[in-house]
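Q: My questions will all concern the structure given below.
Nothing in this text is a laboratory measurement; each read-out follows from the coordinates by a stated rule. Keep in mind that what you see is a predicted model, and the values were worked out from it rather than measured. Ideal geometry is used to build each Cβ from the backbone, glycine not excepted, and the neighbour counts take in all protein chains shown.
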Amino acid sequence: MQPSSNTGACIWLTGLSGAGKSTTARALAELLRGCGREVTVLDGDEIRARLSPNLGFSQSDRDANVLRAAALARDVLVRGGIAICALISPYRSARDRARALVGRDAFVEVFVDTPLAVCEQRDPKGLYARARAGALPGFTGIDDPYEPPLAPEVTLHTTTGDPWESARSLARFLVERRLLRESILDRAGSEAALPEVAPLPEVAQPMPTAESIGDEER
């Protein structure tokens with residue numbers, strides 16, 4: 001029996017800053033929208049800027065931000081849409097609570113498993129450099145912990161392959177979990193037909209200004 005075309009799902013991408021969560025989320029969203037699905041991308045930086053400007057980076061504040069994202073994802077699922085959440089979400093307990101809030105059958109935890117050294121080399125926002133210099137305390141992976149998932153549904157390695165490869169592997173998993181019709185893979189089209197997604201950075205970019213740091217996930 002094929003799943004309904006409006007079966008809701010939450011794809012939760014977790015990993016260090018610079019791991020490739022947002023890039024993967026954009027690629028997957030483009031793939032699914034091209035197949036007629038309603039998709040909402042919930043990015044950690046945007047949620048902090050728009051919904052959680054009052055939150056800091058203590059564990060309780062980080063957990064509150066995660067649960068706000070999960071509540072938004074649940075609303076997307078109620079409409080039969082697909083929510084793609086790209087948040088560092090460093091603590092297992094908060095991710096478990098997000099799973100319970102969204103619904104265990106619809107929640108897909110994706111560990112974007114990129115080594116810290118690679119994330120630091122990419123450093124697309126200049127945040128690791130600031131953290132190493134002591135200008136950005138409480139930075140995940142430097143002086144705040146990141147608790148990797150113990151049993152994620154999917155693990156992605158962004159040091160090899162490209163965002164579309166990751167997106168297709170996630171789509172295949174959704175089909176296996178009966179959260180997506182099998183025809184999605186046939187309708188995805190050739191690589192040449194897919195829109196461009198910015199590649200993951202290979203070198204550090206200019207650092208953001210001090211005024212912009214408060215809205216960044218870390």
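Q: Using the Cα atoms of the range 1-156, I'd like the radius of gyration and the largest Cα-Cα distance, Dmax, both in angstrom.
A: 15.5, 56
Q: State the Cα centre-to-centre distance between the range 50-94 and the range 150-170 in whole Å.
A: If we compute the Cα centre of each part, the gap is 21 Å.
Q: With each label point set 7 Å from Cα along the Cα-Cβ vector, what nm distance links Arg97 and Arg33?
A: 3.2 nm
Q: Go through the range 45-55 residue by residue and turn each phi into a ³J(HN,Hα) via Karplus (6.51, -1.76, 1.60, θ = phi - 60°); whole Hz please, and just put x for glycine and proline.
A: Rounded to whole hertz, the list is 4, 5, 5, 4, 5, 9, 10, 10, x, 8, 8.
Q: Kindly provide the trypsin sites (Lys or Arg not before Pro) of the range 68-134 that DSSP labels as loop, not H, G, I, E or B, and whose Cβ sees at most 16 other Cβ atoms within 10 Å.
A: Arg79, Arg104
Q: Determine the gain in length on full extension of the stretch His157-Glu176; use 0.36 nm per residue of separation and subtract their C-alpha separation, reporting nm with one decimal.
A: 4.8 nm
Q: What is the spin-label model distance, in nm, from Asp75 to Ala135 if the labels are put 7 Å beyond Cα along the C-beta direction?
A: Rounded to a tenth, the inter-label distance reads 3.6 nm.
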